[in-house]
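Q: One structure, as structure tokens, below. Some questions next.
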Ligand SMILES: [Zn+2]
């Protein structure tokens, strides 16, 4: 569980969260190595902040997907807009070398594109933007600026311990509402730069309120919610996914293994189907 705090300061909206628990869970499901943990943790924390910062009226599902040229290849983060979050990383074990005591996150991410999907009842809106640095926070800020034309700042951090476990993780997202003056922007930029790495603040026992108070003490509370790492897959959603695979392919797979096993890519839960169930999926399609 991660607390998410949203406040207003002048013409700015600020959201902060400490995601240590949910990032620990995501990294343990996907068995990520240190730089993959940092990349996955930053991306998922980014989505927690984003989905709470803006009002996505009528959006049923929000997906932020990084398709990258680096070894991790893909990170997909999703929310059902009910504060449940899930994530997937294609390669959880990229090769890496520690440089200047830092995890080479931008090396394992590389370049590529961010795809942002908003699922409505009957339609899907897609926005695309470039991965400019591979550090994730800067990429999300660039995406928001290029797609929403909103000046914003994103700070994300995942502190990975020497044994590879997650020590802490969190982030702050701030954006200026239309009409914000140049001097207000310059002032907030200065304040954000002065706070230093988020993980250091969390290590010093800062909570979500302290993270914001490091930027300004004169904010007004908007709301507080809790985010969870919780996959919403079930037998019916897995059957839906199977129905997109040609029937012949599924039956061939069945002949080889005498069962069909489908593992959810977000939570690693395994679903096993017998031949009768598989045939029924396709029969329901044609009826
Ligand atoms: Zn699942």
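Q: Please report the base-10 log of the normalised intensity I(q)/I(0) for segment 235-286, using a Debye sum with one equal scatterer per alpha carbon and no solvent, at each q in 0.17, 0.26, 0.32 (1/Å).
A: Calculated log10 I(q)/I(0) at the listed q: -0.47, -1.08, -1.44.
Q: Order by neighbour count: 253, 25, fewest other Cβ atoms within 10 Å first, most last.
A: Exposure proxy ranking, most exposed first: 253, 25.
Q: Can you tell me which of 185-194, 27-36 comes out highest on packing, and rank the rest after it, using the mean Cβ neighbours within 10 Å?
A: Ranking the peptides 185-194, 27-36 by packing returns 27-36, 185-194.
Q: Relative to the first principal axis of the alpha-carbon coordinates of the chain, what is the inclination of helix 137-148, with its axis defined by its Cα atoms, in degrees from 0 to 90 and to the nearest 10?
A: Once rounded, one gets 90 degrees.
Q: Relative contact order, percent, of the chain when contacts are C-alpha pairs under 8 Å separated by at least 6 residues?
A: 23 percent
Q: Just want the ordering: 86, 118, 60, from fewest to most Cβ atoms lying within 10 Å of their own Cβ.
A: 60, 118, 86
Q: Kindly state, as a whole number, the per residue volume in cubic angstrom of the convex hull around the alpha carbon atoms of the chain.
A: 143 Å³
Q: Between the helical axis of 275-286 and the dominant principal axis of the chain, each derived from Cα atoms, what acute angle in degrees is found, rounded to the nearest 10?
A: Roughly 80 degrees, rounded to the nearest 10.
Q: Go ahead and estimate [θ] at 222 nm for the chain from helices alone: -39,500 (n - 2.57) per DSSP H run with n ≥ 4, summed, over the residue count, rounded to 500.
A: -11000 deg cm²/dmol
Q: Then there is this: For the residues 252, 6, 259, what sequence is obtained by ranking on other C-beta atoms within 10 Å, fewest first?
A: The order, fewest Cβ neighbours first, is 252, 259, 6.
Q: Please give the contour-minus-distance gain from residue 223 to residue 162: 0.36 nm per residue of separation, less the Cα-Cα distance, rounded to one decimal in nm.
A: Stretched fully, the residue 223-residue 162 segment lengthens by 18.4 nm.
Q: Same structure, new question: What fraction, in whole percent, of alpha-carbon pairs in segment 1-74 exceed 22 Å separation?
A: Counting pairs separated by more than 22 Å, the tail of P(r) holds 33 percent.
Every number here is computed from the coordinates shown, using simple stated rules; none is lab data. Computed from a prediction, not measured in an experiment: that's the story for all the values here. Virtual Cβ from ideal backbone geometry, glycine too; neighbours counted across all protein chains shown.
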